[in-house]
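This report concerns only the one structure given below.
The values are calculated or read from the model by the stated rules, or taken from the named source; none is laboratory data. Note that the structure is predicted; figures quoted are calculated from it, not measured. Every residue, glycine as well, gets a Cβ built from its backbone with ideal geometry; the counts of neighbours run over all protein chains shown.
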Amino acid sequence: MVSLLGVSCLVIVAVLWGGTNPFLKKGTEGIEDVKKGNAVLQFLAEIRFLFLNYKYLVPFLLNQSGSVIYYLTLASTDLSLAVPVSSSLTFLFTLLTGKLLGEEIGGKRAVFGMFLTMLGVTLCVASSVGENS
């Protein structure tokens, strides 16, 4: 059964996942400058760089909180609704957040793609509501 709470949780998940993706990208800037002698030390140095960097750590924790909400929401939401709604809206929120941060999103074709994404999500939700009425 589709509930307003379930759909709301999926939208929150998409906001947390999509809204943090551009910040995660920005937070990793500089990791290419970390250089160590062997693969194990390199890996440990990169982990240290990321987890001592608040510009990466804060978005990472917010992103992971979205994963927890998603996991909890799957228990009460139809999988055929949860996956397309959360995945497609994540893409949409990634583009919007990137645009707010000054990234290029691809012009009119990207905007049209966002419109089609929203239309598809709306059809998925409407279809699920229609089945359960």
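Computed values, structure above
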{"read-out": "Residues within the range 67-115 that are within 16 Å of the chain's Cα centre (by Cα), free of Cβ contacts under 8 Å to residues at least 12 places away in the same chain and under 17 Å from Ser127 (Cα atoms), tallied", "value": "1"}
{"read-out": "Some residue of the range 7-17 being at pLDDT below 95 and not aliphatic (A, V, I, L, M)", "value": "yes"}
{"read-out": "All positions within the range 91-133 that are in a helix (DSSP H, G or I), closer than 26 Å to Leu5 by Cβ and small (Gly, Ala, Ser)", "value": "Gly120, Ala126, Ser127, Ser128, Gly130"}
{"read-out": "Filter result for the condition that a residue is modelled with pLDDT of 90 or more and more than 24 Å from Glu104 (Cα to Cα), over Lys26, Lys35", "value": "Lys35"}
{"read-out": "Filter result for the condition that a residue is in a helix (DSSP H, G or I) and of a type in the set (Ser, Thr, Tyr), over Ser88, Ser76", "value": "Ser88"}
{"read-out": "Hits in the range 52-77 - residues which are closer than 18 Å to Leu4 by Cα and crowded, with 16+ Cβ neighbours inside 10 Å", "value": "Gly66, Ile69, Tyr70, Thr73, Leu74, Thr77"}
{"read-out": "Residue count, the range 59-75 (criterion: among the hydrophobic types (A, V, I, L, M, F, W, C) and touching a helix residue (DSSP H, G or I) at 6+ places or on another chain (Cβ under 8 Å))", "value": "5"}
{"read-out": "Hits in the range 1-57 - residues which are more than 22 Å from the chain's Cα centre (by Cα) and part of a helix (DSSP H, G or I)", "value": "Glu32, Asp33, Ala39, Val40, Leu41, Gln42, Phe43, Leu44, Ala45, Glu46, Arg48, Phe49"}
{"read-out": "Residues (of a type in the set (A, V, I, L, M, F, W, C) and either within 11 Å of Leu10 (Cβ to Cβ) or surrounded by 16 or more Cβ atoms within 10 Å (Cβ to Cβ) (or both)) located in the range 106-120", "value": "Met114"}
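Here's the yes/no breakdown for (1) modelled with pLDDT of 95 or more; (2) closer than 11 Å to Leu10 by Cβ:
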{"site": "Leu57", "(1), (2)": "yes, no"}
{"site": "Phe60", "(1), (2)": "yes, no"}
{"site": "Val68", "(1), (2)": "yes, no"}
{"site": "Leu74", "(1), (2)": "no, yes"}
{"site": "Ser80", "(1), (2)": "no, no"}
{"site": "Val83", "(1), (2)": "no, yes"}
{"site": "Leu96", "(1), (2)": "no, no"}
